[in-house]
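The values are calculated or read from the model by the stated rules, or taken from the named source; none is laboratory data. From a predicted model like this one, the values you see are computed outputs, not experimental measurements. Using ideal geometry, Cβ is built from the backbone for each residue, glycine included, and neighbour counts are taken over all protein chains shown. Note: areas computed on protein heavy atoms with side chains; ligands, DNA, RNA excluded. Shrake-Rupley method; radii C 1.70, N 1.55, O 1.52, S 1.80 Å.
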Amino acid sequence: MTRTVRVLLVDDHPVVRAGLRALLSGQADIELVGEAASGEEAVRLSGLRTPDLVLMDLQLGEGMDGVDTTREILAGPTPPRVLVLTTYDADADILRAVEAGATGYLLKDADPDDLVRAIRSAASGETVLAPHVASRLLTRMRTPAPPLSGREIEILVLVAEGLSNRDIAKRLFISEATVKSHLVHVFGKLEVDSRTAAIAQARRRGLIR
């Protein structure tokens, strides 16, 4: 007898949810047990409906994003599998999702039949990655990100404390231009484009508290 896969759909766009609902309703072995438009709602429904798999978007508007939601759901006592379905394919997004414990990562331009097969595979514990995503991950594994230097981490810690470039320069007895130069290198190594993102990424990697 074919096992039914219980799916929780998480996406903040009603039109996307409607399209996925229509797709999944035509599958005899897939049961849609709930829909959530926010991370907080997804965590709550995951506990109530006990899905086998959560189909997760990454951007969920205000509040928790898809990665934080994935991490929260997987921290439960009997967690489901999580399959990311998103339009975002930046290396940082892919790595964050995989590090959070996602079983798979697909893009929304995937063929409907491929998506259905991916849901079945991910629910059974198989890792499912879009070809483009798999290629990007393999490249990153072969060429790991360069580590931050001691000085770069020192500056990042001060940034996290809320100091401006001028204040950091005074604290470390270096020029403001040198601080900016270090931050440019930090942004490049962490693959971010802002101070806030750099702090968040560094904390995720355990580089700063």
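Remarks
- Solvent accessible area, Å² - Thr69, 1.4 Å probe, full protein context: 0
- Per-residue 3J(HN,Hα) values for region 170-179, derived from phi via the Karplus relation 6.51 cos²θ - 1.76 cosθ + 1.60 with θ = phi - 60°, read 5, 5, 9, 6, 10, 7, 5, 5, 5, 4 Hz in sequence order (x marks Gly and Pro).
- Remark: relative contact order (the chain) = 13 percent; criterion is Cα-Cα distance under 8 angstrom and separation of 6 or more residues.
- P(r), alpha carbons of the chain - 5 Å bins starting at zero, rounded %: 1, 7, 14, 17, 16, 12, 10, 8, 6, 4, 3, 1, 0, 0, 0
- Amide H contacts of Arg81: Leu53, Val54, each under 5 Å away and 5 or more positions distant or on a separate chain (H built 1.01 Å from N in the peptide plane; Pro and chain starts excluded).
- For Gly34, net neighbour charge (Lys/Arg +1, Asp/Glu -1) across residues whose Cβ lies under 13 Å away: 0
- Anchor Lys180: lysines whose Cα lies under 16 Å away (excluding residues fewer than 8 positions away in-chain): Lys170, Lys189
- Percent accessible area from carbon and sulfur atoms, region 36-190, protein chains only, probe 1.4 Å: 53
- With the highest mean first, a sort of the peptides 125-134, 152-161, 49-58, 28-37 on other beta-carbon atoms found within 10 angstrom per residue produces 49-58, 152-161, 28-37, 125-134.
- Put simply, region 36-126 fits an ellipsoid with semi-axes of 18, 16, 12 Å; these come from the alpha carbon gyration tensor as the roots of five times its eigenvalues, largest first.
- Sequence-distant residues sharing a close amide H with Ile30 (under 5 Å, placed H): Val5
- Charge dipole of region 1-101 (Cα centre as origin; +1 on each Lys and Arg Cβ, -1 on each Asp and Glu Cβ, all else neutral): 500 debye, rounded to the nearest 20.
- For Leu60, the residues whose amide H sits under 5 Å from its own are Gly66, ignoring neighbours fewer than 5 places away on the same chain, with H placed 1.01 Å from N.
- The distance separating the Cα centre of region 119-196 from that of region 81-105 comes to 18 Å.
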